[in-house]
Amino acid sequence: MEAIKQIVRIPKDHEIGIKIPQYLPENETVEVILIIKKCQIVSNKKSKS
């Protein structure tokens, strides 16, 4: 088993592509795991003063 790590930034369309090594044959089954770091959601609401 082999692991390949790729770190990418999230684009505007929220879609990413995955680069697969050339030595893997077409139609080979692979498992892809997306690990998302928890982040704090920023609110755009203005606070009342």
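Quick notes
- Which listed residue is of a type in the set (D, E, K, R) and modelled with pLDDT under 85, from Lys19, Lys5, Lys12, Lys45: Lys45
- Identity of the residue in the stretch 5-17, exposed (fewer than 10 other Cβ atoms within 10 Å of the Cβ) and among the aliphatic types (A, V, I, L, M), that ends up farthest from Ile33 (Cα to Cα): Ile10
- Residues being at pLDDT 90 or above, within 14 Å of the chain's Cα centre (by Cα), at negative phi and loosely packed, with under 10 Cβ neighbours inside 10 Å are entirely absent from the stretch 23-30.
The values are calculated or read from the model by the stated rules, or taken from the named source; none is laboratory data. As the structure is a prediction and not an experimental result, all values here were calculated from the model. Note that each Cβ is placed from the backbone with ideal geometry, even for glycine, and that neighbours are counted across all protein chains shown.
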